[in-house]
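Novice: Following this message is one structure expressed as structure tokens.
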Amino acid sequence: MLGEYPIKGRGAAEISASVEQAVTAGELQPGQLLPPMRELAERLGVNPNTVAAAYRVLRERGVIETHGRRGSRVRPKPATSGREYIRVEVPEGVRDVANGNPDPALLPRLAPAFAEAAAYGDREPVLYGDAEIEPELARLARADLDADGVPDGPVAVTSGALDGIERVLAAHLKPGDTVAVEDPGWGSVLDLVPALGLRVHPVGLDDDGPLVDDVRAALEAGARALIVTCRAQNPTGAAVGATRARALRAVLREHPETLLIEDDHGHRIVDLPVHPLAGATRHWAFVRSAAKAYGPDLRLAVLTGDEVTLGRVRGRQRLGPGWISRITQRAVVRLWADGAVDASEVAAAYGRRRDALVGALADRGITGHGRSGMNVWIPVPDETGAVARLLHAGWAVAPGARFRMKSPPGIRVTVSSLTEADMVPLADAIAAAVGPVPGRRYV
């Protein structure tokens, strides 16, 4: 069951640390079955309650998952180790369309903005006790949010969208609470939720976003929070349309105590309008990251929400990092105010690439999904085989296992590095690797 690795320890802390260390080192693999609690207790000469306590700690840390009589296993994406083990190693000469990165040619030059921000900082240094948020960034962000119909609320700055999501979840939920998440969805969120000791309730989606009946079922089953991607959903490209938004708001109003988190990381790279759900529940948060439009290394996101949620987030942030560098904030202000990114141009560039690939696939009987953003999601009958055959053909795609819980197999192709000349050979390779797959939704 455990190969050559022995679990050690006399107390719950020692036992859980032994398992966690083995997972981190790769000696216990994702999906590997752990011994039944009584069996392990006998082997270690301890009380079964001690092992039960150790397993509980491991569940709360997102290392293992338990399925009743089927026992406890190492999670498919254990929080104690890097999630990138579910990826394709890209050999020399193979095109990488798996990485999820934006097109560097569409990113702005950062040096002038940071030079100006640093020079301002030299003249007026930010010191302890100064405001955490650059006033002009708050003003520009709030103006954009107002224009998009996001309800009024205070503004915070976090180190990227995932940092904002984590802080909001931690502000309201406790270990054991359930969070409804998109399936397929952003792999980092699928890992983050259990790492916080929270339970995941998968919600299916189509090109218009989360399915209304699935959201209703999740909330009626007791989910205390819902995370929704507004546009450029990763990995499917889904975008919440006006009709779907109205239906989702109606469901949320039936469950006003639900914590709603909306992720609009597609801001400034998507030309579809945003249809916020915020305001349908008592507690909500709306986050916008700068990573896709200005570069992944620009670790900054703007967060707004209701007074209670933002008050908790900002209060806890003061006790940790304190604030996000005001130099970075000023650089974003410069990029934002100067129009360093032409949103319509970037959206059109990604749109042409997505449409070209989806069209080429359709000509070959393959269904691809990519309504917005920089990715195309392709349902496949055999995910592992498709990834391997495409790699042999010279294309590294992202395996759907990085993004799925209960939804059917698929592969993700990032179009940002593709040219018009790439579409036919890539579509041919995908068709040869997977064969025609009838159109279907993701669940």
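Bear in mind these aren't lab numbers, they're just calculated from the coordinates by the rules spelled out. All figures in this text were calculated on a predicted structure; none of them were measured in a lab. Don't worry about glycine lacking a Cβ; one is built from the backbone with ideal geometry, like all the others, and counts go over all protein chains shown.
Novice: How large is the convex hull of the Cα atoms of the chain per residue, expressed in Å³ as a whole number?
Specialist: Spelled out: Cα convex hull of the chain, divided by residues, is 160 Å³.
Novice: Could you order peptides 202-208, 379-385, 143-149 by the average number of other Cβ atoms within 10 Å of their residues, highest first?
Specialist: 202-208, 379-385, 143-149
Novice: What FRET efficiency comes out for the pair Arg38/Met405, r = Cβ-Cβ distance, R0 = 51 Å, nearest 0.05?
Specialist: Working from the Cβ atoms, E equals 0.95.
Novice: Only Lys, Arg, Asp and Glu count, each charged at its Cβ (+1, +1, -1, -1), so figure out the dipole size of region 322-431 about its Cα centre, rounded to 20 debye.
Specialist: Computed charge dipole of region 322-431: roughly 540 debye.
Novice: Hand me the tally of lysine pairs in the chain: alpha carbons under 28 angstrom apart, and the pair either on different chains or 8 or more positions apart.
Specialist: 6
Novice: Calculate how many DSSP beta bridges within the chain are antiparallel, expressed in % of all such bridges and rounded to the nearest 5.
Specialist: In the chain, approximately 55 percent of DSSP beta bridges are antiparallel ones.
Novice: Dipole size in debye (nearest 20) for region 111-337 around its Cα centre, Lys and Arg Cβ +1, Asp and Glu Cβ -1?
Specialist: The dipole magnitude comes to about 460 debye.
Novice: Separate question: Give me the one-decimal nm value for the distance between modelled label points at Ala119 and Asp96, 7 Å along each residue's Cα-to-Cβ direction.
Specialist: Simple spin-label model gives 3.5 nm for this pair.
Novice: Grab the eigenvalues of the alpha-carbon gyration tensor for region 111-337, scale each by 5, take roots, and send me the semi-axes largest first in whole angstrom. Could the numbers behind the result be given before it?
Specialist: Details: eigenvalues 183, 70, 46 Å².
Ellipsoid half-lengths, sorted descending, are 30, 19, 15 Å.
Novice: Report Rg/Rh for region 12-81, rounded to two decimals, where Rg is the Cα radius of gyration and Rh the Kirkwood radius.
Specialist: 0.93
Novice: Once the Cα gyration tensor of region 285-443 is found, what semi-axes does its equivalent ellipsoid get, as square roots of 5 times the eigenvalues, in whole Å, sorted largest first?
Specialist: Over the Cα atoms of region 285-443, the semi-axes work out to 37, 20, 14 Å.
Novice: Taking only Cα atoms and a 10 Å spring cutoff, compute GNM fluctuations for the chain and point out the largest among Ala115, Ala331, Ala225.
Specialist: Maximum fluctuation in the GNM of the chain, among the listed residues, is at Ala115.
Novice: On a full-extension model of 0.36 nm per residue, what is the gain between Arg109 and Ala242, subtracting their alpha-carbon distance, rounded to one decimal in nm?
Specialist: Length difference between fully extended and current span is 44.4 nm.
Novice: First measure r as the distance between the Cβ atoms of Thr367 and Asp428, then evaluate 1/(1 + (r/R0)^6) with R0 = 22 Å and state the FRET efficiency to the nearest 0.05.
Specialist: Calculated transfer efficiency: 0.85.
Novice: At Ala388 and His67, where each label point lies 7 Å from the Cα along Cα→Cβ, what is the point-to-point distance in nanometres?
Specialist: 2.2 nm
Novice: Where the only charges are on Cβ atoms (+1 Lys, Arg; -1 Asp, Glu), what is the dipole of the chain about its Cα centre, to the nearest 20 debye?
Specialist: The calculation lands at about 1180 debye.
Novice: Take the alpha carbon atoms of region 184-238, find their center, do the same for region 110-144, and report the distance between the two centers in whole angstrom.
Specialist: What the calculation gives is 34 Å, centre to centre.
Novice: Moving on. Which one, Thr24, Val63, Leu40, is farthest towards the positive end of the dipole of region 12-81 when Lys and Arg carry +1 and Asp and Glu -1 on their Cβ?
Specialist: It is Val63.
Novice: Let me have the 222 nm mean residue ellipticity of the chain computed from DSSP H runs of 4+ only, each contributing -39500 (n - 2.57), with the sum over all residues rounded to the nearest 500.
Specialist: Theoretical 222 nm ellipticity from helices: -12500 deg cm²/dmol.
Novice: So how do 101-112, 131-142, 294-305 stack up, highest first, on mean other-Cβ count within 10 Å?
Specialist: Packing order, densest peptide first, comes out as 294-305, 131-142, 101-112.
Novice: Next up: I need the calculated FRET efficiency for the pair Glu420 and Arg139, taking r as the beta carbon distance and R₀ as 45 Å, to the nearest 0.05. Intermediate results must be reported in sequence, preceding the final value.
Specialist: Details: r = 41 Å, r/R0 = 0.90.
Working from the Cβ atoms, E equals 0.65.
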